[in-house]
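In what follows, a structure is listed as C-alpha cells, so that the remarks can point back to it.
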Amino acid sequence: MAAHVEVIATDLRRVKVKVMPTTYLVDVLDEACQKLSLNSDRYLLKHKQKNVDLTGPFRTSGLSPGAKLELVIKSSSPSVISIALDIAGRRVVKKLPSDMTLWQVLRQFETAEAGLNITGRGSPKSVDGGQLYYERPVVNIMGRDYFELPDLQKTLSQCGINSGSMVLRVSFRNTEQTLYEAMEQISTYLKDVEPATAAEENKETAAPSAVEPTPESKVSEPSEQAPNPPEQTAESSEKAAEPAPLVDAPPMPSPQPTTAGDAMDIDQPSASSTPADRLQPTSVFSAPSSSTPVATQIQEDDSVYEPTIAHAQLRQQHLLARTQNTRLKSDAELAADAAEAAAKLAKITKVEVKVRFPDQTSAQWVVTPAETGAFLYQAVRGVMAHPSQPFRLVMAATHAVVHDDDKRLIADYRLKGRELLNCVWDDAAPAEARQTPFLKTSIASKAQAVVVPQVPQAGPDDDKNTSAGPSRPAGSEKKESHMDSDAIRKKLGKLFKLPGKK
C-alpha cells in the first residue's frame, strides 16, 4: 500500500515523497533533495526534533503515513562511527569516519586484520582447480545489499550511517569473471573515480592473494629505505631535527657507581667537560631552616577578604554565562586546537625545571626541546649520594609521573615556562638511603638559601579600590564614597536574595 511523507526544507519549501513499506529512508532523503535541487550529502531528516534513522525501511521507522519530516543541515566535519564487520561468523570492530566509502571500509579491515581477504577473493569452479573466478563482496546494511562498484563507492553517510554504531554483514557471490579480469576492471574503475588514490589502489589490487608481505619483502624493505632517513633529516624542519642530539647521548659518562654495593658516590673528575655541563644543575637550593611554611607567617587584614560590589557583579556574570547553551567543538575544531597547542610547544626553546628532593633540598636545570625523561633521570642521579637507589619524578601540578624513557620533556610531557617536579623514593629504596642526605657533598656545598620575596601587604582601602569588574570613569569613586551603608546593604541583599523570601 502506497503512502507519502512530507519533507520541509530549511527555507520552508515542501515536497511530497511517495513511500512503500520497503522504501528505505535514505532514498526518501535523496528523492526529496533531488526535487528541491539540494545536495543530499549535506542534510539529515528529523521528525519531532529527533533524528530519523536513514538506514532502515519505512515500515520499521515508526513513522505514520503523511508524517512531516524536517530537512536539517548536518555537521560539515565527519563523525566517528563504530563499525562492526560480520564476515563468516567472525566479527571485527573499528572506529571509522562517516565520509569513508564502503570499499575503503573493507580495505581498512583487510589491512588491520591479518589473513582477512575481502576485496580480492577467488575460487575455482572445477574440483581439480584451474582458473580462479572472482567472488564479489556483498555488504548488507539493515537488509539492503551493496555489491556493485558504484554502490561500494558510497560513503557511510550516503548509506544513512551518520552516528552511533552499525553492523556490516559481508557475504560473497560467485561471478563469471576471472580474478585477473575483475582486478583489472576494479583498478580501471577506481582510477576514474579516485584519481588521487589510483596508484595506491592499483598496487593493492595487483596481488589480491598476498594479504601480508612475504618475509623476503619484510627483510628487503629496511635496506632499501635505509638511505632515506638521513636525507630527510637534513632537509626537514627544526621540529624534525630536534631529536637528533639524542643520538650523541651514549658517550655521556654515567653517574652511577661501578661497584655493586650501596656505597655513597665519591666525586670523580669528569674526563669530558662538555657533556657534564648539561647534566650539572644551574642552581642548588638548601632545605628550609624552619618547619613552619613561610606562607603561614604572612598576616593579612581581615578586611582584605570582604567581598565588594564589583566582586558580586563579577560572580553574577559568571553564573549567567554558565546558564547559556554552548556548542560543543567539532572534530575539525578539536584538531585545530591540538595543532595550535603543538605549534606553541614547538616554539619553546628552553624550560627551567626545578626538582625538589625528599629532604626538601632542590636543584634546577635548563632543558631544551631535545631533552628526554631519561636525560632528567640521569641528571638527578649525577647529584645523588646514592645514585643506584630507585626513585620517581612526579609533576607537582598534575601529579603525572615522568618516566625514565625517550619521551621528550617539552613535546610529550608538555613542560613549559617553569616547572616543579617532586623526587620521591621508590618503595624498594632502603631506609639507610632515606635517612642520609640526598645530595652528594660537592653538590650540597654549592647550595644557597631560598630567598622569599617580600610582598607588600595590601590595606583594606587598597583592596577595595581594586575593581574586579569593568573600569569605572573618573569621579565615580567619589560618588560611591558618599553612599551610606544602608544603600550598600540593600544592594547586596538583592544580589544574594534566597528563593522563597519576599
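Of PRO293, PRO307, PRO288, all but one fail to be closer than 26 Å to LEU420 by Cα and either at pLDDT 80 or above or surrounded by 12 or more Cβ atoms within 10 Å (Cβ to Cβ) (or both); the exception is PRO288. Residues being of a type in the set (D, E, K, R), under 17 Å from LEU45 (Cα atoms) and in contact (Cβ under 8 Å) with a residue 24 or more places away in the chain are represented in segment 56-65 by at least one member. Taking the criterion of being surrounded by fewer than 18 Cβ atoms within 10 Å (Cβ to Cβ), under 30 Å from THR23 (Cα atoms) and among the polar types (S, T, N, Q), the only residue of segment 109-151 that qualifies is ASN140.
Among the candidates LEU106, LEU96, LEU54, LEU71, which residue alone is at pLDDT 85 or above and part of a loop (DSSP other than H, G, I, E, B)? Break it down stepwise before answering.
Details: LEU106 fails: part of a loop (DSSP other than H, G, I, E, B); LEU96 fails: part of a loop (DSSP other than H, G, I, E, B); LEU71 fails: part of a loop (DSSP other than H, G, I, E, B).
Criteria check complete, one pass: LEU54.
Residues are listed down the side, and each one gets a yes or a no for (1) under 36 Å from the mean Cα position of the chain (by Cα); (2) hydroxyl-bearing (Ser, Thr, Tyr); (3) within 25 Å of TYR43 (Cα to Cα):
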{"residue": "ARG144", "(1), (2), (3)": "yes, no, yes"}
{"residue": "PRO150", "(1), (2), (3)": "yes, no, yes"}
{"residue": "GLN153", "(1), (2), (3)": "yes, no, yes"}
{"residue": "CYS159", "(1), (2), (3)": "yes, no, yes"}
{"residue": "ASN162", "(1), (2), (3)": "yes, no, yes"}
{"residue": "SER165", "(1), (2), (3)": "yes, yes, yes"}
{"residue": "ARG173", "(1), (2), (3)": "no, no, no"}
{"residue": "LEU179", "(1), (2), (3)": "no, no, no"}
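Can you find even one residue in segment 162-179 that is assigned to a loop (DSSP other than H, G, I, E, B) and hydroxyl-bearing (Ser, Thr, Tyr)? Checking segment 162-179: at least one residue is assigned to a loop (DSSP other than H, G, I, E, B) and hydroxyl-bearing (Ser, Thr, Tyr).
Here is a yes/no grid of residues against (1) under 14 Å from LEU156 (Cα atoms); (2) assigned by TED's automatic domain parsing to the domain that holds LEU156; (3) touching an Asp or Glu at 6+ places or on another chain (Cβ under 9 Å):
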site: SER40; (1), (2), (3): yes, no, yes
site: THR55; (1), (2), (3): yes, no, no
site: SER61; (1), (2), (3): no, no, yes
site: LYS68; (1), (2), (3): no, no, yes
site: ARG91; (1), (2), (3): no, yes, no
site: PRO97; (1), (2), (3): yes, yes, yes
site: VAL105; (1), (2), (3): yes, yes, no
site: ASN117; (1), (2), (3): no, yes, yes
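Of SER64, SER76, SER37, all but one fail to be in contact with a helix residue (DSSP H, G or I) (Cβ under 8 Å, 6 or more places away or on another chain), surrounded by fewer than 12 Cβ atoms within 10 Å (Cβ to Cβ) and either over 21 Å from ARG144 (Cα atoms) or charged (D, E, K, R) (or both); the exception is SER76.
The values are calculated or read from the model by the stated rules, or taken from the named source; none is laboratory data. Everything numeric in this text was worked out from a predicted model, so none of it was measured. FYI the Cβ positions are ideal-geometry reconstructions off the backbone, even for glycines, and counts take in every protein chain you see.
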